[in-house]
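Presented below is the structure to which this report refers.
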Amino acid sequence: MFLVFFHFKIRDIVRKKMHSGQKIKKLRQLKGYTQEELSGKINKTRALLSHIELTGKVNHYTFLAILKTFGMSEGDFEQFDGTLLTTREPGTKYYDKKAITLLKQKLDNYQKENDMLKQLVLSQKKIIEMMEKKKR
């Protein structure tokens, strides 16, 4: 009897939900802005931006200014999970080909991971059944 074990990192299976400040920080870093640069673009202080990133507490108007700088809608921001950044031209609803390709790759990876997890569950069920039969 061969047992096959799959190793998955817990963070890959159960993703922690980021608060707004953490998302803003991650987006800022992905866009290549320093706190100083982003705070200048939204006409706020660096200290305020640091506070927002740490606590997630942000005034709605400041939040909208940040989203405008990132070229994102509130819906895009809500869906952002810190792993993939797709951008589109401000004022349009179309993503560029590179972003679409990245989304397809991500979807394919999730499908493969899902298939592996299904196989893992099936193999564990078989092992449990065999162990139960052995007990009898």
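None of the figures in this text is laboratory data; all of them are computed from the coordinates on show. What you see is a predicted model, and the numbers here were worked out from it, not measured in a lab. Note: ideal-geometry Cβ built from the backbone for every residue, glycine included; neighbour counts use all protein chains shown.
Quick look at the values:
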item: Close pairs from the stretch 32-51: first in contact (Cβ under 8 Å) with a residue 24 or more places away in the chain, partner of a type in the set (S, T, N, Q) and loosely packed, with under 14 Cβ neighbours inside 10 Å, Cβ under 7 Å, at least 6 apart; result: none
item: Residue tally, condition under 13 Å from Y33 (Cβ atoms), out of contact with any strand residue (DSSP E or B) (no Cβ under 8 Å at 6 or more places or on another chain) and outside any helix (DSSP H, G or I), over the stretch 61-77; result: 0
item: Residue list for the stretch 36-70, filter: among the charged types (D, E, K, R) and within 13 Å of S20 (Cβ to Cβ); result: E53, K57
